[in-house]
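Quick notes on the structure that follows.
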Amino acid sequence: MSHYEEVKVHGYDEFCKAVSERKGNDIFAYFSDCVKAEPVVRGVMSHLPEGSVFFYCQVGERPYWKDPNNEFKKTLKLSGVPTLIRYGTPQKLVEEECFKADLVRMMFTED
Amino acid sequence: MSNLGHTCWLCLLWSHYQHCPIEIEWHGIWFVTGTFDYDLVVIGGGSGGLACSKEAAQLGQKVAVLDYVEPSVKGTKWGIGGTCVNVGCIPKKLMHQAALLGTALKDAQKYGWQIPGPISHDWSTMAEAVQNHVRSLNWGHRVQLQDKEVKYLNVKGSLLDEHTVKGLTRTGKETMLTAKNIVIATGGRPKYPTHIPGAVEHGITSDDIFWLKESPGKTLVVGASYVALECAGFLTGIGLETTVMVRSIPLRGFDQQMAGLVTDYMEAYGTKFSWRSVPKSVDKLSSGVLQVTWTDEQTGKDQRDTFDSVLWAVGRAPETKTLGLEKVGVKLNKESGKILVAADESTSVPNIYAFGDIGEGRPELTPTAIKAGKLLARRLAGRTNELMNYDNVATTVFTPLEYGCVGLSEEEAESRHGKDSIEVYHAFYKPLEFTVAERDASQCYIKVVCKRGGDQRILGLHFTGPNAGEVTQGFAMGFQCGATLTHLKETVGIHPTCAEELTKVNVSKRSGLDATVTGC
């Protein structure tokens, strides 16, 4: 039994609904336009804090993502994919930063 | 016999001297073999320390940076980045902006904006936004350090000997690091006037103001430094009843005529000033408010008033007490307590360097610390011999009416060159934006202090007005290039701006003529 909950969501509305159902938890969210799970992040998941929630969120098709007014860009302020955030904190890793295991581990283990 | 930590060759244990039966001369037998843990250990993760460590790492050095924030008396603490990021420049400028926006909202109505009701400010909204931005900067630094392979340790560093640093965690755990070179960039912290009863228990400092979750309310700011005036300025600007208590002169070290214009504007805009006043005591009343008693030095009488908060801005003290400097032989300036440094930032101990606010005689500014740090890293890596140039550094005071300057004050120029050898050109101007807004521009002023004769080299340039920092920056480059009044006059102004008035300055103080700019 893993010490964190993994939730797969598709699209902005599904993401927001799932987050609101888990208020009070330490929430990490990985936004990607790929279906394939990111191996670097996967490899570090054992470092996630006890009781945390890890969202794997697909942002949608390319045309949707390219639209500068899509909700991920407008409301969550995502600038690129993939992006890894610690929800409710300024902690985030963008694009190439997500492929660096030491940075991902730092986010999972930081206070 | 020294009691420094060392590796005892007899028992091959790391421990203190006392157990060893044979006295070994410590100095001089240090590892010439070069088996240090790090090429460079930097104590202090502020503007200077971070710039130095990142630069060194980029040049291939093995670097560690130690950063630790001793909580303030009120318990405030913060992440990596030092004073500038957490309790200085950054939050200050953001809160100053919040205050300026309040003034802009008032002006907006004259420009046609229909604003329905009375405008009020919510401290918590502003504080949260500012604090979140600061946290994102803390995170950004963490990512950069990790990315550039700088080892970051959240420990309180101190020197055991000239190549050994001890790190202490919050919980008291010890770490030892050895380094070829050690850099001290621990900066400073606000002083408390400990001789005033109640000052420590009931007052706050700039370490606390930016992290308050709730409004400080009616505030007394004690001091007349730029910290005091900037804080009092934005507190007034967001609608809080604020008083500044000044013992003698405002902005000591700055051009006094300009300092007067800054405080005149603040008084006209609602900040109360208690001149020639010295606080005597601070008491907390049963209602929770603070009662401050002070002596009015002009009348000799004591006065009393109540405030919700008392902010001490009476100077900053260097962070050297717990570094173990005396033991290792790093010499300090007796008066200031700062570390004595040479032009290459070296201290009295060969491989130990110090720079930033901690260095004696150095400007207490972020850009100089950053540049000095980078150059130091380059020199230590053997890439350059270039020394930091601390001359001609431009600065700006972000009071409600901003004041930007580069070079000498008028009094400094007079003192160095003699009143007869200088020519001071000046102008009172009115920013165009103030006209429709019906704002008083009496303190918007420009002063160019020049060497008399020939092309009249510019010795100092002073500007009060909106966006003074933006205006001054460009002129600072000209100053660095040895600009003369001729150069200034040959420069065509951009119209309509406030900055262009600098290129049009032509009335000298000596002439006694009216210096008010008229017309277009």
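What to note about this one:
- Only one of A:Glu97, A:Glu5 that is acidic (Asp, Glu) and within 14 Å of another protein chain (Cβ to nearest Cβ): A:Glu97
- Condition met for B:Ala185 (under 22 Å from B:Gly46 (Cα atoms), among the small types (Gly, Ala, Ser) and buried (at least 18 other Cβ atoms within 10 Å of the Cβ)): yes
- When A:Leu84, A:Leu76, A:Leu48, A:Leu103 are checked against the criterion of being at pLDDT 90 or above and away from every other protein chain (no Cβ under 14 Å), A:Leu48 stands alone in meeting it.
- With respect to being touching a Pro at 6+ places or on another chain (Cβ under 7 Å) and surrounded by fewer than 24 Cβ atoms within 10 Å (Cβ to Cβ), B:Lys62 falls outside the description.
- In segment B:96-124, residue nearest to the other protein chains (Cβ to nearest Cβ) [restricted to those that are farther than 21 Å from B:Ala232 by Cβ and outside any loop (DSSP other than H, G, I, E, B)]: B:Ala108
- Residue within segment B:436-444 that is touching a strand residue (DSSP E or B) at 6+ places or on another chain (Cβ under 7 Å) and closer than 22 Å to B:His487 by Cα present: no
- The residues of segment B:202-220 that are farther than 13 Å from B:Pro190 by Cα and not charged (D, E, K, R), listed by number, are B:His202, B:Phe210, B:Trp211, B:Leu212, B:Ser215, B:Pro216, B:Gly217, B:Thr219, B:Leu220.
- Counted residues, segment B:208-227 - those being under 20 Å from the mean Cα position of the chain (by Cα) and either without any contact (Cβ under 8 Å) to a residue 40 or more places away in the chain or surrounded by 23 or more Cβ atoms within 10 Å (Cβ to Cβ) (or both): 7
- Assessment of segment B:457-477 against the conditions (of a type in the set (D, E, K, R) and free of Cβ contacts under 8 Å to residues at least 40 places away in the same chain) yields at least one matching residue.
- Only residues that are exposed (fewer than 13 other Cβ atoms within 10 Å of the Cβ) and outside any loop (DSSP other than H, G, I, E, B) were counted across segment B:278-311, and they come to 3.
- Looking only at segment B:315-350, and only at residues there that are surrounded by 14 or more Cβ atoms within 10 Å (Cβ to Cβ), farther than 23 Å from B:Lys374 by Cα and of a type in the set (D, E, K, R), the one that is nearest to the chain's Cα centre (by Cα): B:Arg316
- Search result, residues across segment B:125-165 that are among the hydrophobic types (A, V, I, L, M, F, W, C), within 14 Å of chain A (Cβ to nearest Cβ) and either surrounded by fewer than 16 Cβ atoms within 10 Å (Cβ to Cβ) or more than 28 Å from B:Ile352 (Cβ to Cβ) (or both): B:Ala129, B:Val130, B:Val134, B:Leu137, B:Trp139, B:Val143
- Test: residue in segment B:152-162 that is over 16 Å from B:Leu325 (Cβ atoms) and among the basic types (Lys, Arg): no
- Residue ID - farthest from B:Asp255 (Cα to Cα), chosen from residues in segment B:478-496 that are touching a residue at least 40 places away in the same chain (Cβ under 8 Å) and more than 26 Å from the chain's Cα centre (by Cα): B:Pro496
- Checking B:Asp357 against (1) in contact with a strand residue (DSSP E or B) (Cβ under 7 Å, 6 or more places away or on another chain); (2) over 23 Å from B:Pro318 (Cβ atoms); (3) acidic (Asp, Glu); (4) part of a helix (DSSP H, G or I), the condition it does not meet: (2)
- Residue ranges of helices (runs of 4 or more DSSP H) in segment B:159-245 with at least 1 members modelled with pLDDT of 95 or more and touching a His at 6+ places or on another chain (Cβ under 6 Å): B:226-237
- Every condition in (1) within 18 Å of B:Glu230 (Cβ to Cβ); (2) touching a helix residue (DSSP H, G or I) at 6+ places or on another chain (Cβ under 8 Å); (3) in a helix (DSSP H, G or I) holds for B:Gln144 except the one numbered (1).
- Any chance A:Glu71 is away from chain B (no Cβ under 13 Å) and farther than 14 Å from A:Leu48 by Cβ: yes
- Residues that are crowded, with 17+ Cβ neighbours inside 10 Å, closer than 16 Å to A:Gly60 by Cβ and either aromatic (Phe, Trp, Tyr) or touching a Pro at 6+ places or on another chain (Cβ under 8 Å) (or both), drawn from segment A:6-47: A:Tyr12, A:Phe15, A:Tyr30, A:Phe31, A:Ser32
- Answer from A:Val19, A:Val44 - the residue that is assigned to a helix (DSSP H, G or I), in contact (Cβ under 8 Å) with a residue 60 or more places away in the chain and touching a strand residue (DSSP E or B) at 6+ places or on another chain (Cβ under 7 Å): A:Val19
- Looking only at segment B:108-122, and only at residues there that are loosely packed, with under 10 Cβ neighbours inside 10 Å and either under 36 Å from the mean Cα position of the chain (by Cα) or among the aromatic types (Phe, Trp, Tyr) (or both), the one that is nearest to B:Ala98 (Cα to Cα): B:Ser120
The values are calculated or read from the model by the stated rules, or taken from the named source; none is laboratory data. Given the structure is predicted, the values throughout are model-derived calculations rather than measurements. Note that each Cβ is placed from the backbone with ideal geometry, even for glycine, and that neighbours are counted across all protein chains shown.
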